[in-house]
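Q: One structure is given below, represented as C-alpha cells, and several questions about it will come after.
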Amino acid sequence: MNVLVINCGSSSLKFQLIDSDSEQVLAKGLCERIGIDGSRIVYQPAGGEKITTESPMPTHKQAIQMVLDSLTDSKNGVIASLEEVGAVGHRVVHGGEKYASSVVLDDTVLEAIEECNDLAPLHNPANLIGIRACQELMPDTPMVGVFDTAFHQTMPEKAYIYGLPYRYYTDYKVRKYGFHGTSHSFVSKRTAEFLGKDINQMKIIVCHLGNGASISAVCNGKSIDTSMGLTPLEGLVMGTRSGDIDPSIMEFLAKKEGLDIEGVMNVLNKESGVYGISGLSSDFRDLEAGAKEGNKRAILARKVFNYRVAKYIGSYIAAMNGVDAIAFTAGLGENDSAVRADICSYFGYMGIALDEEANSCRGEDKVISTADSKVTVCVIPTNEELAIARETLALVSK
Ligand code: ADP
C-alpha cells in the first residue's frame, strides 16, 4: 500500500509518498510560503531531479491539491491516480494526555486535537488545517494522526510533574509532555534491532540533535524521561531556543529591555541558543567554519551545546540507574563527529570510548564506540516519515 505522509506547518507542508511494502520513498517534496506571496512547490520523484513550480497557494487546500497533482502528473508523477494512495499519515505535534499512540482520524479525534491547541498554538492549528484540507480532497481515504508527544506518555509522574502548584496540572494540564516522540521511538527500536538486542531489556539514551534538539531515556522500550517539556523550549540549548534557563531571567529581561511576555518568549525561542551565543548562525556548519577562523563565540556556542547534552546524558544515566547504549541522531547527531566526540569525552570515567575512525561516519547505522567501551555508542539515522508510514499502515490494516 502507498502511504502519503504529511507534515503540515503554518506556511509550509512537507510530504513523502512511501510504498509501505518495500518502504521505499516514491516521491517527496515541500510546499513553501503557503498563504504568502511567492508560494512554490518543490517536488522530487525517486531517482529524479527536483522540480520547482511557482504557483499561488492561498490556502493549505491548494497546497495539498498541488501535491496530489504532482504525484499523479502524467510526466513526473509516480502514481496513475489517487486510488493508489491507500492511506494518509499526518504528523500532529501535540496529543496532550489523550493520545499515547497513533489513532485513526475521525471527527471526535479532530475535536480532541483542537482541545490541545492551547498547548501547541503554533503547530496544532496548522496540523488540523492540513488534515481537514486532505479530508476534503480525499474523502474516502483513511487518515491517521501520529503525535510527537505520544511516545513520551509512558513517563512516570515524578518525571512529568513540575515543581509548581499542583492545580496548574489538574486545571490546565501543565506538565512535561516531550516532543520528537516519533524519532525517539524509531531510533530506540532501531538501536536495539541494529545491536541485535531485545529492546525490552535495554537502557537506551537517544540524542536527537538537530536544529530542534531533545534527549530521551528509553528503558525497556518505554520513554521514562525526556528533555523537552510543556513546549519544545525546555531542555537542551538548540539552534535558536535557549533550553533550560533560570525562570527569573524572564522578568529581569522584560524590565531591562522593556519587553512584554511575547517579546521575551520571542527572544527565548528565536534569538537564543547557539545563534544567540555566537551571534553568527543557528547552523552548526557555520559555527564550525567560524570556529576554524578563530571566532571565540562560535567556539563557545558549540561548547555550551555539547556540555548541556552531556549533563542530560548524565542525568538520564542516573534516572535509569545505568545505560547500555547511547544513540545519536538527526542533522547534527548523524553528521557531526566533533560534537559526538566532545559529548562522549565527558564519560571517560564510565569507560565510554569512541573509535575515532568509526566516529568519522555520516548518516549511517554504525557503532562508533570501541570494542571494549563499557557502553555502546552508535549513530542511528532517524526517519520520522517512515515511522509515520509504518504507524499508519498498522492502524489502517487492522
Ligand atoms: P531540524 O529537523 O530540527 O530542522 P536537522 O535535524 O535537519 O534539524 O538538523 C539541523 C542541524 O544539523 C544544523 O545545525 C546543521 O548544521 C546540522 N547538520 C546537517 N547536516 C550536517 C552535516 N552534513 N554536517 C554537519 N552538520 C550538519
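Only the coordinates and a few stated rules stand behind these numbers; no lab work does. Because the structure is predicted, anything quoted here is derived from the model rather than measured. Cβ placement follows ideal geometry from the backbone for every residue including glycine, while neighbour counts extend to all protein chains displayed.
Q: With the contact rule set at Cα under 8 Å and sequence spacing of 6 or more, what percent relative contact order holds for segment 1-144?
A: With pairs under 8 Å counted, the relative contact order is 23 percent.
Q: For the chain, find the longest principal axis of its Cα atoms and tell me its angle to the long axis of helix 248-257, 0 to 90°, nearest 10.
A: Result, in degrees: 80.
Q: Cβ neighbours within 10 Å, averaged per peptide: list 244-254, 344-354 in order, most packed at the top.
A: 344-354, 244-254
Q: What is segment 320-396's relative contact order, in percent, from Cα pairs under 8 angstrom and six or more apart in sequence?
A: For segment 320-396, the relative contact order is 33 percent.
Q: For the chain, just the Cα atoms, rotate onto the principal axes and tell me the three extents in Å, largest first.
A: 59, 54, 47
Q: At a 10 angstrom cut-off on C-beta neighbours, averaged per residue, how do the peptides 258-265, 17-24 rank from highest to lowest?
A: In decreasing order of mean packing, 258-265, 17-24 become 17-24, 258-265.
Q: Follow-up. On each of the three principal axes of the Cα atoms of segment 84-237, give max minus min coordinate, whole Å, ordered largest first.
A: 44, 43, 27
Q: Within straight cross-link reach of Lys374, meaning Cα distance under 20 Å, which lysines are found once same-chain residues fewer than 8 apart are removed?
A: Correct list for Lys374: Lys197, Lys203, Lys311, Lys366.
Q: Taking 0.36 nm per intervening residue step and subtracting the Cα-Cα distance, what contour gain separates Tyr169 from Met350 on full extension?
A: 61.4 nm is the gain from fully extending Tyr169 to Met350.
Q: In straight Cα distance, which lysines are under 21 Å from Lys61, not counting same-chain residues fewer than 8 positions off?
A: Excluding near neighbours in sequence, the set is Lys14, Lys28.
Q: May I ask what percent, to the nearest 5, of DSSP beta bridges between residues of the chain are antiparallel?
A: For the chain, the DSSP antiparallel bridge percentage is about 70.
Q: Assuming 0.36 nm per residue, please report the length gained on full extension of the stretch Ala80 to Val42 beyond their Cα-Cα distance.
A: 11.7 nm
Q: Can you give the relative contact order of the chain as a percent, counting alpha carbon pairs under 8 Å and 6+ residues apart?
A: 14
Q: Still on this structure: For segment 10-84, count the residues as N, evaluate 2.2 N^0.38 Å, and divide the Cα radius of gyration by that value, please.
A: Rg over 2.2 N^0.38 Å, computed on Cα atoms: 1.07.
Q: A further question follows. Which percent of the Cα-Cα distances in segment 286-346 go past 15 Å?
A: Distances greater than 15 Å cover 55 percent of the Cα pairs.
Q: Between Met250 and Glu288, what is 0.36 nm times their sequence separation minus the Cα-Cα distance? Round to one decimal in nm.
A: Result: 10.7 nm gained on full extension.
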